[in-house]
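One structure is given here, and the rest of the page talks about it.
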Amino acid sequence: MTTANDWPLYEVFIRARGGLDHKHVGSLHAADARMALEHARDVYTRRLEGISIWVVKSSEIVASDPADADAFFEPARDKVYRHPTFYDIPDEVKTL
Amino acid sequence: MDIAALETRFQARIDADERIEPKDWMPDAYRRALIRQMSQHAHSEIVGMLPEGNWITRAPSLERKAILIAKVQDEGGHGAYLYGATETLGVTREALIGELLTGAAKYSSIFNYPTPTWADVGAIGWLVDGAAIMNQIPLCRCSYGPYARAMVRICKEESFHQRQGFDIMLTLARGTDAQRRMAQESLDRWWWPALMMFGPPDADSKHSAQSMRWKVKRFSNDELRRRFIEFTVPQAEFLGLVVPQGTIDWSEFESVLKGNGPCNRERLEARRRAHDAGRWVREAALAYAAKPRPVRQEATG
Amino acid sequence: MSALSEHEPHVAYVLRLADSNLVLAQRLGEWVGHAPALEEDLALANIALDLLGQARLLLTHAGVLEGKGRDEDALAFLREEREFLNVALVEQPNGDFGDTIARQFLHDAWQVELYGRLAASRDAQLAAIATKALRESTYHLRFSAGWMVRLGDGTDESHRRVEESLGRLWPCTLELCEADDLDRAMLALGIGVDLAAVRAGWDRRVNDTLTEATLTRPADRPWRWFGKRGVHGEHLGRLLAEMQSLHRAHPGAQW
């Protein structure tokens, strides 16, 4: 079975409503960007799921490696002073 | 880290109900089992378009025609979600479809039964989609993230399918004598194949135990089948239809699965024909995309 | 005498629009499950659903105007071939994907021009349907024109195939924008549209896309189809026989 005529894979991101971020919903195949947008509309918004679509070729996505997760994300763990709950404010002080 | 340690850590993550994502380390056997199950599931959606698609041009009212087109289209959408989720495991859709077309891959044997009457569209929605929902709801919590997310989307859409099927059966059951007969005969034909959709009895199910350990499967075949019967029998009574008595003929199941069902040949031929007839179209689109030209600007935002 | 004489002209005018949508939706429905790619299957089904939706609104409206109690199903399933007033273009068989795309494109370019003007019809219900339908047709045209360009400017094979499709379908396009007595009467009443203006818009859209697709516009040939007067070729009868078979087999049944 030939794989030569397979259309490239695109990832699809949809904004469900104004005010929300685009969210990854899945992937599809399309020969070009215009077709990818149209396919995204037909495959992922048949029930009013979105008001805006982004498509990007899957091969263009740069992703972090789970093997690097410790080095990437652990260093943020002990920076507790970044969070507002770190600070004890007396009850009498309002709107802070 | 050696394989044994990786496997131990992997199983610990599963046991802790963590989700496995595409780039995470996973045992080859887990990857292979998922590819097999998910692609079979995707193939079933695509082949499943055919028996009901058989009635699109003859739907007896324009409203039923619209509902049926939307429903069959949804099956195609479900196939697309599932192929997409399977591709995250490092296989291409083209390769998976190749396996379907050569007969190497399996799909749900229910779609190898014919739809000679309009009532079959009702019975498929009510019984086949009903059984599918029963199988699929637990998959929304399965351990592989992309599969679970695709299933959430699918299950949301699937309940419309079951309801429209029941609605057809209800209309027929309350209709003329000929319509009632059509409905009963259809139930008679689809009942056993629908029960077979849950897979062989637990004692003979070769993939079940490992799938349970991996939380790809959460209930046994027999347990789901029993629950389906429990839900469906009262629905049939409401319709005034008689559920067939007897036991499942597992030799029929084996035979249909091996390619000897009434419509195996037609279903695969239809898929092959569409694939072959579409080749020049897919090639044209690729050739067009490969030609240098100013980029069409699409708005984003 | 044509079948038209049996209809009040306003009803016939709405039926022309309704039937063209219904018959094209029926044709596109034949594709479901058989398209060249999974995503194209979904795309064709979406267009079929839009056209079927438009047909239902228009048939219902025609039934109300007629005042004989015929609903959408009575009009769709219980009329004879001769009473169907769709343009001949839409009854042409699906053929290959190129035939289907060419048919769709020629139709969509026409429908966009038509609906854009019908939105100002003095028939308020028709204007409302046209306003809704215009949004759908605008998308259909985007889809079909995109494919015309891909096929025309794709491979040698796709270029040859779609050029042949265009040539085969071209004679059916003449009636789209050629006004007959009914069209003129409806225009005079402010219900219908000026087909000369539709023609100008259609020409521009077709020429632009064909140029981008590196396709040659076929020459107009003398044979004229008159589907919209109920005079059809050999294909519509079979299409209707299939579509109406179950409904007609159970007279009076509810579905």
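The values are calculated or read from the model by the stated rules, or taken from the named source; none is laboratory data. Computed from a prediction, not measured in an experiment: that's the story for all the values here. Methodologically, a virtual Cβ is constructed for each residue, glycine included, from the backbone with ideal geometry; neighbour enumeration extends over all protein chains shown. Just the protein is used for accessible areas: all its heavy atoms, side chains included, with ligands, DNA and RNA removed. Shrake-Rupley method; radii C 1.70, N 1.55, O 1.52, S 1.80 Å.
Dimensions of chain C along the principal axes, based on C-alpha atoms and rounded to the nearest Å, stand at 54, 42, 33, largest first. Only the Cβ atoms of Lys and Arg (+1) and of Asp and Glu (-1) were treated as charged; on that basis the dipole of chain B about its Cα centre amounts to roughly 780 debye.
Do you know the relative contact order of region C:4-114, to the nearest whole percent, from alpha carbon pairs under 8 angstrom that are 6+ apart? It would help to have the intermediate numbers written out before the result.
Details: 111 pairs, mean separation 37.8, N = 111.
Once normalised by length, the contact order is 34 percent.
Taking each DSSP H run with n ≥ 4 as -39500 (n - 2.57) and averaging over every residue of the protein assembly as shown yields -18500 deg cm²/dmol at 222 nm.
Based on every Cα atom in region C:1-123, Rg and the maximum pairwise Cα distance Dmax equal 15.0, 47 Å.
D by Stokes-Einstein for chain A, Kirkwood Rh over Cα pairs, 10 °C, 1.306 mPa s: 92 µm²/s.
With both bridge residues required to lie in the protein assembly as shown, what share of the DSSP beta bridges run antiparallel, to the nearest 5%? The partial results should precede the final answer.
Working: 14 of 15 bridges.
Percentage antiparallel, nearest 5: 95.
Between C:S165, C:G230, C:T209, the Cα set farthest toward the positive side of the dipole of region C:97-255 (charges on each charged residue's Cβ, about the Cα centre) is that of C:G230.
Roughly speaking, to the nearest percent, how much of chain B's 1.4 Å accessible area is carbon and sulfur? Show your work: numbers first, answer last.
Values: 6910 of 12730 Å².
Solvent-exposed carbon and sulfur of chain B make up 54 percent of the total.
Using a cutoff of 8 angstrom between alpha carbon atoms and counting only pairs six or more residues apart, the relative contact order for region C:176-230 works out to 22 percent.
Of the listed pairs B:K65/C:K68; B:K156/B:K206; B:K71/B:K106; A:K23/B:K71, which have alpha-carbon separations greater than 27 Å here?
Numbers: B:K65/C:K68 24 Å; B:K156/B:K206 30 Å; B:K71/B:K106 23 Å; A:K23/B:K71 25 Å.
In this structure, B:K156/B:K206 lie more than 27 Å apart at Cα.
Summarised in one figure, the compactness ratio Rg/Rh of the protein assembly as shown, Cα atoms and Kirkwood Rh, is 1.01. Each Lys and Arg contributes +1 and each Asp and Glu -1, all at the Cβ; summed about the Cα centre of the protein assembly as shown, the dipole is approximately 240 debye.
First select every other residue whose beta carbon is under 14 angstrom from the beta carbon of B:S61; then total the charges, Lys and Arg +1, Asp and Glu -1. After counting each charged neighbour, the total is +1. Once you divide the Cα radius of gyration of chain B by 2.2 N^0.38 Å, the number left is 1.09. Seen against the Cα atoms of chain C and their longest principal axis, helix C:124-152 is set at about 20 degrees. Taking 18 Å as the straight-line reach from the Cα of A:K57, the aspartates and glutamates in range (excluding those fewer than 8 positions away in the same chain) are A:D6, A:E11, A:D32, A:E38, A:D42, B:E87, B:E94, B:E298, C:E39. Think of chain B as having a plus end and a minus end, set by charges on the Cβ of Lys, Arg, Asp and Glu; of B:A80, B:M197, B:V152, B:A80 sits farthest toward the positive end of this dipole. Dimensions of region B:210-279 from C-alpha coordinates, computed as largest minus smallest value along each principal axis and given longest first, are 47, 40, 25 Å.
What is chain B's relative contact order, in percent, from Cα pairs under 8 angstrom and six or more apart in sequence? All intermediate terms of the calculation are to be shown ahead of the outcome.
Details: 313 pairs, mean separation 59.7, N = 301.
Contact order relative to length: 20 percent.
For chain C, the longest principal axis of the C-alpha atoms and the axis of helix C:38-66 are separated by about 30°. Taking C:N207, C:N86, C:N21 in turn, the Gaussian network model of chain C (Cα-Cα springs below 10 Å) assigns the largest fluctuation to C:N207. Projecting the alpha carbon convex hull of region B:152-270 along each direction and taking the average yields 9.6 nm².
Taking amide hydrogens as modeled 1.01 Å from N in the peptide plane, which residues meet the under 5 Å criterion relative to B:A105, leaving out close sequence neighbours? Those lying under 5 Å, H to H, from B:A105 are B:L100. Loop-resident trypsin sites (Lys or Arg not before Pro) (DSSP state other than H, G, I, E or B) in region B:166-247 with no more than 11 further Cβ atoms inside 10 Å of their Cβ: B:K206.
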